[in-house]
Each structure stands twice: as C-alpha cells, then as structure tokens.
Amino acid sequence: MGHSDIPWERDHWLGDVDPRPLAMLRVGMGLVLLQDIATRWPHRRALLSDEGMLPRGVQGEPWAWSLFDLFGAPSAVSLALLIGAAIAVLLTIGFHTRVVTPLAWLFTQSLQNRNLFVGDGGDDFLRVLLFWAIFTDLGAVWSLDARRLGPRRAPALGARLLALQVALVYAAAGLNKLRGSWLDPDIVYQSLQHLGYLRPPGEALLAHPGLCRAIARFTLVAELTIPALIVSPVFVARCRGAAIVLDIALQAGLFLTLRVGIWTGLLLIASVLFLQPAWLDRVAALTLPTKLADAGWPSGWPSGWPFAAPLAVALVIQMAAVYLTIVHQPRWLDSELKWVGLNQGLDLFSRPIEVRRWRAPGELRDGRTIDDVLPLVEPELQATSGWLFSRWTKFRFKGEPRLEALARYFCRRHAEKHPHAPLASFTLVRDIHPPARPSEPAPEVRTEILHQHRCGS
C-alpha cells in the first residue's frame, strides 16, 4: 500500500502510515488510562459500587450500558479496576495490541457509563480515541508485538480518523465558544471564579483582568485555527508543526490554571499524531544506529480490514455532522452516538457558568447541630483551589444528581467515620453565585434547598 497526505487521494485513507506517532499515542493513552483508574481507585466504593452514591439501577439512562452493572459489591468493583489496569499496562507495552485496544475501549466505556455524574469531556475524548484506534495498529513499532512479529507500517484509516477526531474536537470547541460568550472579553475572568476547578496560578490570574482578556482572544483564535492546520493538504509539515505548537500552548495554559482531569494531558498526547516522518528520522539518526522508518517495511493493512472502511467512514461522517452543526442535533442522533460511545462533551466554559457551592447543615441524634456535614463525609465536595483533580469536583456541575441515593450514602459514610456521634438529619443546600466582572460588586447569591433527609428513614 502507498502513502499520501492529500485527503482526496485513495492512499490517504486506505494506504499505510509511519507507525511511530501511533506508538507514542499508544503509550500515552495507556498511561492516561492508568492515571484515570488511579484517580478513581480511592473513591471506587463511593462512585462505582452499590454501597456508594449511585447504586445500580438508579442512574436511569437507557443508553448507559456498562459491564460494571453486572456486579455491585466493592470487592468486585476493585477486581474490575485491577483488570482494567492490567489492560492499560498491556496497551502501554504493546502486547497483542490489536486485541487489547478494543478491550481497552470496552473497559473505558463501561467505567465511564457506570457513573455519568463524575465524567467530563476528557473522558469522552479518551473513549473516542480508543474507538478509532481499533481501525489501525498501535503496536507496529516500539512494542512487544514488534519484537515478536517485526516492525511494520500501520493502516492509514485509523490514523486519519484519530487525527480528524482531534481536528473536530478543536473545531467544535471553537464554534461553541464563538456562538457562546467568548466574544465577551471577560469570559476567562468569569470562568476562573470556579474555585473547585482552579489551580493556584489560575487563582492568581484573577488579579490580572487584562491578561485574562488576552488569553480569551488567543484561545478562540487558536481553537479555530488548529483544525485548518491539521487537515491542510498544502505546506503539510509547516501546518502540522504550527498545530502542535498551538496545541501545546493552549493545553499548557489550561493545565497550569484549571483542574479538568485527563483532558489537557490527552490533547497534548494527541499532538504526536502530527509529527512528520522526516522529523523523527532526524532524531533517530542522532540517537540510534539506523533509522526506524523504512519504506521497505511490509504494509500494515491485514487482509479483510478494507471491509471495515465503510463502517468507519459512515461513523466519522455522522460524528462530523454532529460536531460541526450550529444547531442542536436531533435527539435520536444524540442517543445513537451515546450508545456506540462516540458522544463528545465540548461545551465546558463556552458561557459564564454559575458557581455552585454545596453545604449540608445537619443535626446529630444527641441534638447537637453541625454547620456543614460535607467536610465530615466527602471533603472533596468543597469548592477550594488546589493542584490535584477530583472526580467530586465535576459532580457539582453535572445536572441534577440522584439526591435520595446520595443522601443515603452520606448517612452511611458519617456513621462509619463518626460512629459515636450518629447523624440524625441534614439538608442539602446549594448556593448559586453568578460570576462577577472585574471591578464590579459580586452579584446576589441565590440559595436552593435541594433535599432534606433523615438518616435511618
């Protein structure tokens, strides 16, 4: 098979490509999946088991199928996470990669669908990348597979779909910002008022409204420019290099200011897809006795794989139609994409978001009152800035949770942590803080009573 950088040529989609960027992506996705499992591990009982805040059957979304629904005991959840970690390790080292890649996608889809209230766009991005990776060979080089079978080139189709996914993510994010509030120069300043998402440099940035305005302009221009650079059929090396630089600048800035989970790391890792063979050859010539890219390698397209092309093309056309539309997609299409795991959340911070802070005044059985139960049961629900990402941070912004199940979990958790001071009742309260503009007084806070609960009832 041949190779082409021209999108309308057959070999661009059905030829083969240099496998080294795909190998880097494989290692990156495997490590990110391990990181994701590690961040969920301390909260596996609370977020994934029947003893937590979302027992099986409570979530209620018909499309949210998950292998985790087959069991609910904390011990079984722990075992499932360990199996997922083993899959992630196999993906990282490239052992039987063509089998492990769909297993990694299946595990990731199941893990994320088990509790939709703690997920975000970064989770979606990992799941969709793993899906498109099924259509190529991530283990053609720099893997245990390559040691067993020898190096080879990789099918172009999956690599093109992976690159197109990155372009569509940036295009849709830029369009959402454009039709949202990013023409307002104070949008970054308003977004940085969410302490639960902030890292210390982001909190310090609030003292510089002018710099916030410059960041907003750069972000919007960069997100609308990157897709064109990725798909450009001319000046390919220069355009891909510019896309990498802009991607690094955007994600490095986001990483320093906001805690948004695996989103930033994944987009940085995905930029390796745009590394050019000539660049890698130069590095290899300096560090290795022979070049790792050899035009004489056998084709990476196994017999029978062209039959997967119509499915992949149909899915990517459907995905592009959803991402690039300005109007809201039909409900049936949205549901279909969720069933196959191709839904991608992209609307975070495209508009000013009200700051939501939770508290839960309560009463002990001996009559004593507690100003706030939450620090005693789940301290990470508190809206404070910090360096580490928490799944509970996202929970505060994910629609309306299942409050009865959540309240029952808080009662159990308090009884476990404070057995000598049992909790009698509490009220879940949410304070809504509209974001303020620079040099303006803070708007009036609105308080909502979410749920009143009596423990043991």
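The values are calculated or read from the model by the stated rules, or taken from the named source; none is laboratory data. Quantities reported herein were computed from a predicted structural model and do not represent experimental measurements. Glycine gets a Cβ as well: all are built from the backbone with ideal geometry, and neighbour counts include every protein chain shown. Heads up: the accessible areas ignore ligands, DNA and RNA and are worked out on the full protein's heavy atoms, side chains in. Shrake-Rupley method; radii C 1.70, N 1.55, O 1.52, S 1.80 Å.
What Cys residues in the chain have no fellow cysteine's beta-carbon under 4.7 angstrom?
So far as the 4.7 Å Cβ criterion goes, CYS212, CYS239 stand without a partner in the chain.
Check which residues have an amide H placed less than 5 Å from ARG153's amide H, if you skip close sequence neighbours.
Here the answer is GLY300, since their amide H atoms fall under 5 Å of that of ARG153.
Select from the chain the helices, each a whole stretch of DSSP H, whose alpha-carbon atoms run 27 Å or more along the helix axis and whose Kyte-Doolittle mean is at least 0.0; answer none if there are none.
Counting only whole DSSP H runs, the qualifying helices are 20-40, 74-93, 156-179, 209-231, 236-257.
Let's see if you can work this out: charge +1 on each Lys and Arg Cβ, -1 on each Asp and Glu Cβ, no other charges. What is the dipole magnitude of region 389-434 about its Cα centre, in debye to the nearest 20?
The calculation lands at about 220 debye.
Would you mind checking which residues have amide H under 5 Å from VAL355's amide H? H placed 1.01 Å from N; only 5 or more apart, or other chain.
HN-HN under 5 Å from VAL355: HIS433.
Amide H neighbours of LEU258 under 5 Å, counting only residues 5+ apart in sequence or on other chains, H built in-plane at 1.01 Å?
Amide H neighbours of LEU258: ARG199.
Can you tell me the accessible area per residue over the chain, all protein chains present, probe 1.4 angstrom, in square angstrom?
Per residue, the chain has 44 Å² of solvent-accessible surface.
Taking all protein chains as present, what is the carbon and sulfur share of the accessible area of region 157-214, in % to the nearest whole number, probe 1.4 Å?
65
Give, rounded to the nearest 20 debye, the magnitude of the charge dipole that region 150-264 has about its Cα centre when Lys and Arg contribute +1 at Cβ and Asp and Glu contribute -1 at Cβ.
Result for region 150-264 is approximately 500 debye, rounded to the nearest 20.
Starting from the Cα gyration tensor of region 147-272, take the square roots of the eigenvalues, sort them a ≥ b ≥ c, and report rounded, prolate or oblate (rounded when a/c is under 1.5, otherwise prolate if a/b is larger than b/c, else oblate).
Judged from the Cα gyration tensor, region 147-272 comes out prolate (a/c at least 1.5, a/b above b/c).
Quick one: grab the alpha carbon gyration tensor of region 32-182, order the square roots of its eigenvalues as a ≥ b ≥ c, and give me rounded if a/c is under 1.5, else prolate or oblate depending on whether a/b is larger than b/c.
Oblate, since a/c reaches 1.5 and b/c is not below a/b.
Rounded to the nearest 10 Å², what accessible area does THR447 have for a 1.4 Å probe in the complete protein model?
80
Keeping all protein chains in position, work out how much accessible area TRP263 exposes to a 1.4 Å probe, and write it in Å² to the nearest 10.
In the full protein context, TRP263 sits at about 40 Å².
Taking square-rooted eigenvalues a ≥ b ≥ c of the alpha carbon gyration tensor, is region 1-88 rounded, prolate or oblate, where a/c under 1.5 means rounded and, failing that, a/b exceeding b/c means prolate?
Note, shape of region 1-88 comes out prolate.
Ignoring everything but the protein chains, give the 1.4 Å probe accessible area of HIS96 in square angstrom, nearest 10.
80
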